[in-house]
Amino acid sequence: MAETGFIIKVLFENADNRGIGEIFSTGRNWPAILDECHREGVAPLFYHRIVKRGWEADLPAEVLEQFRTLFRQTIRKNSEAVKCLGTIGRSFDAEGIPWIVLKGIALAETVYPHFALRPASDIDILVPRPDFMKADAALTSMGYSSVDSPPGEALRNPPGYLASVEYRAGSEFPPIHLHWHPVNTSTPAAFASEIDIESLWRESRPVLIGGVPSRMFSPEHLLIYLCEHALRIGHSFDRLNLICDIHYAVQAFQREISWGRFADECRRSGLSRFAYLALEIVRSHTGLHALDKPIAMLKPSRLRAGERLFLKLQLAGKRIRGSSFLLYLDRNRGMRNKLLFLLRTLVPPRSVLKQKHYQGRLPFRCSLYLRRIIEVAGHLPFVFRGALRRPGREVKHR
C-alpha cells in the first residue's frame, strides 16, 4: 500500500517539530491509513506517536476519534486478558504447573512504552510437556475446552510441527493457546529439536503482567523467539507489529542483553541465519542501530538464493505472507532434502492437518490434503509476482 511508508515514518523516525511539514506536506488518504494501521496491528501505536508529537490537529477529527476508540478498545481488551491470565495463573500455581507467557500481553506490559500499544487478541502460555494434560484439566475445570484438536492427539504431533492447543470459553473471554514447545507450525521445522528447552525454563525470569506474577523468557531467548515467530511461513513479517515487537524488545533490554550469548544461542538452536535476516529487516525499517552489533556477529559469509530473494522482497516493502517458505526450503541442503521437505509440507501428519483445519474430533478426511496443496500453492504466485515486479522504493538503513 502506498501509505505504508508514511506509517513507518510516523512509527519509527525521530522527527522533531521541523519534520512535521515534510511528513504532512501532502494530502493523505486518512481512512485508508486507519484501515492499514488496523490491519498491520499498529493502530494504537500510531495514535500514541501522533499524540506524543502533538500532531492531532493534522488529522481529520473523525479519523482521530476512530484512532482514539481503537486505543481505548485495546486497553479494555488487554485488561480483560490480564484478568483472565490471573485466573489461569492462580489455577496453574495451585496445581504446581510452571508456566511462561509468550508475546502478546507479556510484550504489551514489559517492552512497549504503554500497555495499550500492543493489542493482544489471545493469550499464549508455555507449560512443560509432561504437565500439559494437567494444564488441560485445569483449563477444563475453568470452563475452557479445546477447539482445534483433542489434547492427547495433539501431543502426538511429531517435533517441529504444531505444538499447542487452542482453548475457548465463550466470546467474552480471549482464546488461550497452550504450548508445550515455542516452535509451533504446520510446516516441518527441523530446528525445533535443536532448541534447548531446559535452558529456556532455567533462564526464564519472574515478571509482573498487570500485577499478575508470571514468567517470561530471558531477553536473549525472547529475542530469538520473536525472530523465529516473525519468520514462520504463516507470518513472513507480513505485519508491522512483528517488526515493532522486536524493535521494542531490543530497546527495552539493550542495556542488559548479552549479544555474545544471544549469538551463541542462535547458533546452538540452528537459528542464526533466521535471526540475522530478522534483525536486518527490523533495522532497515526502524533505523535501530542497537542492532548493528548482533547483525555483524550473525552475518553469514554469503546468503543463499532463497535468503537473497526473501530479503530483497522485504527491503522493497513487499511483506508477503508465505514468502519465508524460501528460507525454510533453503535450510534443506541438496535436491533430495529439498524434495523431502516439499513432500512433508504438502503432506504433513494427519494429526497436524486435522488440527490446522480445526477438525477437532471429526474423522480424518482425505480432502484435507487437497486443501493443503491448494493453500501452499496459493502463496506461490504472490511470491513470484513480487520477485518479478519492478522493485519499489527500498527501505533504506537510516
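Rule-based calculations on the coordinates, nothing more; no lab input. Note that this is a predicted model, so its numbers are computed, not measured. As a convention, Cβ positions derive from the backbone with ideal geometry for all residues, glycine included, and neighbour counts pool all protein chains shown.
Values for this structure:
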quantity	calculated
Potential lengthening between T140 and L339 on full extension [0.36 nm per residue; Cα-Cα distance subtracted]	67.5 nm
Structure-based [θ]222 nm, the chain - -39500 (n - 2.57) summed over DSSP H runs of at least 4, per residue, nearest 500	-16000 deg cm²/dmol
The chain, dipole about Cα centre (Lys/Arg Cβ +1, Asp/Glu Cβ -1), debye to the nearest 20	1460 debye
5 angstrom amide H check on L102, placed H, neighbours 5+ away	D124, I125, L126
Estimated FRET transfer efficiency (E153, Q73; beta-carbon r; R0 35 Å; 0.05)	0.45
Span from the segment 56-84 Cα centroid across to the segment 188-236 one, whole angstrom	28 Å
Lys pairs under 28 Å by Cα in segment 287-362, provided they are eight or more residues apart or on distinct chains	10
For segment 205-212, 3J(HN,Hα) per residue [Karplus equation, 6.51 cos²θ - 1.76 cosθ + 1.60, θ = phi - 60°, Hz, x = Gly/Pro]	10, x, 9, 9, 10, x, x, 8
Two-decimal Rg/Rh across the chain, once Rg and the Kirkwood Rh are taken from alpha-carbon atoms	0.95
FRET efficiency estimate (nearest 0.05) - Cβ-Cβ, R255 to R129, R0 25 angstrom	0.15
Under the span-like rule (Cα at least 24 Å along the axis, Kyte-Doolittle mean at least 0.0), DSSP H helices of the chain	367-388
Mean Cβ neighbour count within 10 Å, used as a protection proxy, ranking 105-115, 239-249, 284-294 highest first	239-249, 105-115, 284-294
Relative contact order, percent, the chain [alpha-carbon distance under 8 Å, six or more residues apart]	15 percent
